[in-house]
C-alpha cells in the first residue's frame, strides 16, 4: 500500500509539474490574444479611413452605359463622404474653392459628360492623431476617363483631412497638392 501511495503521490507531483508547465503556456496564449486585440483596436481607425476612401473611389467611378438616375444618386453619395463645412481646394481641376453643396452639382455635370471613369488610389500615407478624432492622408489618385472612344489618364496627389463625427470618418478638407504627368503609353 505504501508503494501505491508513493506511485500516487508521484503521479500527482507529475500532474502538478504539467499544470505548472501548462500555466506558462496559458499565460503565453493570453498575452498573445491581448496583443492581437490591442493591435486590432489600435489600427481600426486607419482601416475605416482606408475603407471610406476606397468606397469614395468606387462611387466616383462610372461604368459604360450608366444612366442619368444612377449618376444623380452617385452625386448624392459622393457628398455624404464630406462634412457639412468641408472645404475643397481642387485647383487646377476646379478654378475656385468649392463647398460641399457645389460638389454634388459639379460631380453630376462631369459624370454626365463622360462615358466611363475609373479612379484608382495609390501611395497612401495616413497619420491618425493620438486622440483618434482627426487624421491626415496623402495619396495619388489616377483617373482614367473615356469619352467618345478616347481615353485620357490624369494623376493628382491629394491631401485630405479626416474628422471623426458620430463614430464615422468624414473628409473635412481636400486639396490637390500637385498634378502629375502620367507616363506616355
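The values are calculated or read from the model by the stated rules, or taken from the named source; none is laboratory data. Computed from a prediction, not measured in an experiment: that's the story for all the values here. Glycine also receives a Cβ, built like all others from the backbone with ideal geometry; neighbour counts cover every protein chain displayed.
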- prompt: Going by the structure shown, is residue 69 at pLDDT 85 or above and either touching a strand residue (DSSP E or B) at 6+ places or on another chain (Cβ under 9 Å) or in a loop (DSSP other than H, G, I, E, B) (or both)?
  reply: no
Checked 55, 109, 96, 76 against criteria (assigned by TED's automatic domain parsing to the domain that holds residue 152, within 20 Å of residue 161 (Cα to Cα) and modelled with pLDDT under 90); the one match is 96
Check: Can residue 138 be described as in contact with a strand residue (DSSP E or B) (Cβ under 7 Å, 6 or more places away or on another chain) and more than 22 Å from residue 63 (Cβ to Cβ)?
Finding: yes
